[in-house]
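Data block below; observations after.
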Amino acid sequence: MKESNHKLFEAVKWIVTLAAYGFLAYKLAHIEYRDELKHTLVSTNGVRMGFLLAVILIMPLNWMLESRKWQLLTSSTVKLSFRASLKGVLAGLCTGFVTPNRFGDFAGRVYFLPDSCRLTGVLLSFINSVSQSLVVTLFGVIGAGFYVSTFYPDINYPAYLIVVLLVLVLCSILYYAFPGLVKKIFSGKWAIKLRQAAIPVSKLSLRSLILFLIISVIRYVVFCTQFYFMLKFFGIEVSAVQALSAIPAMYLLITFTPSYAVSDAAVRGSYAVLIFGVYSANVMGITLTGILVWLINFVIPMLAGSFFVLKAKSWKSVESPSQE
């Protein structure tokens, strides 16, 4: 039985990884404006190249912040090292690459938790996703308000704002009430494993939840800055003030658009043109901005994560990460 489980695990991890690589290869083969991108990379001046280098150099900070947040989230369950946390986050990018809205992200993350903590890890990954979505929604609603009132004054934005704010309030209530809700749900006659998994989640304090939101805000500032720098690299003339409303509005649309991670490039490129087309007629540059940010911020870390997925020997073989 143990040998058959091991073979199944090996088959699954190779299928997931090969599927991710296959989807990626297909997407790169059909990427828009490939020749124009090559020309831009070769002919750009030093100042604009500096913006591209800044985007690349900032990228590790983005995922280090995410890894730190995951480490803090799981600290009530296991003393996870930063290295193990980073491995889990990057592996999650690989397992989430071929699933809708990166739903499979939790699978890679919880692998690097001890077997007894993985069910708790699934619940914690939900809190992690909601915390980032709350930040994107909050700033996105504010940014979209300024953007729409400036360029689309005829749109009934107040009605839209009321609906989105109601959703934001409900999500916020769920986020802060989740630990207590989990405690109440699993206090009944449920399976022992489920109750044990819920205990660490139910003990999350208000202070911890606020800390997770703060880290999410810092991450949000990081990837918004990356997008702004990439616009500068492609010569899209957008002021910092304009970017403060347009970039949050774009990320709000991206967050609430159902998609596969592999199709993110097309979604981001399309929304970038929709939002920034009012500032510039350079459709190619705007589209490539969305695509290149996706390649740097997601695909490169995903490839690193696939290495950790393939290196994994067995689902049952993981020891406590605190021992690393």
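The values are calculated or read from the model by the stated rules, or taken from the named source; none is laboratory data. Model, not experiment: these values are computed from the prediction. Glycine also receives a Cβ, built like all others from the backbone with ideal geometry; neighbour counts cover every protein chain displayed.
Just for the range 30-53: of the residues that are crowded, with 16+ Cβ neighbours inside 10 Å and more than 27 Å from the chain's Cα centre (by Cα), which one is modelled with the lowest pLDDT?
Thr40
Within the range 54-97, can you find the residues that are over 24 Å from Gln226 (Cα atoms) and either buried (at least 23 other Cβ atoms within 10 Å of the Cβ) or in contact (Cβ under 8 Å) with a residue 40 or more places away in the chain (or both)?
Matches in the range 54-97: Leu72, Leu73, Thr74, Ser76, Thr77, Val78, Lys79, Leu80, Ser81, Arg83, Ala84, Thr95.
Somewhere in the range 101-118, is a residue modelled with pLDDT of 90 or more and farther than 27 Å from Leu168 by Cβ?
no
With (1) under 20 Å from Lys203 (Cβ atoms); (2) in contact (Cβ under 8 Å) with a residue 40 or more places away in the chain; (3) of a type in the set (A, V, I, L, M) as the list, and Val110 as the residue in question, which single condition is left unmet?
(2)
Which numbered condition in (1) of a type outside the set (Lys, Arg); (2) free of Cβ contacts under 8 Å to residues at least 12 places away in the same chain; (3) more than 25 Å from Met250 (Cβ to Cβ) is the only one that Phe103 fails?
(3) is the only condition that Phe103 fails.
If I filter the range 179-190 for residues that are at pLDDT below 80, part of a helix (DSSP H, G or I) and surrounded by fewer than 13 Cβ atoms within 10 Å (Cβ to Cβ), do I get at least one hit? Spell out how you get there, then give the answer.
At the first step, the residues of the range 179-190 found to be at pLDDT below 80 are 179-190.
From the residues that got through so far, the ones that are part of a helix (DSSP H, G or I) too are 179-185.
Then keep just the ones that are surrounded by fewer than 13 Cβ atoms within 10 Å (Cβ to Cβ); that gives 180, 184.
Yes: one or more hits.
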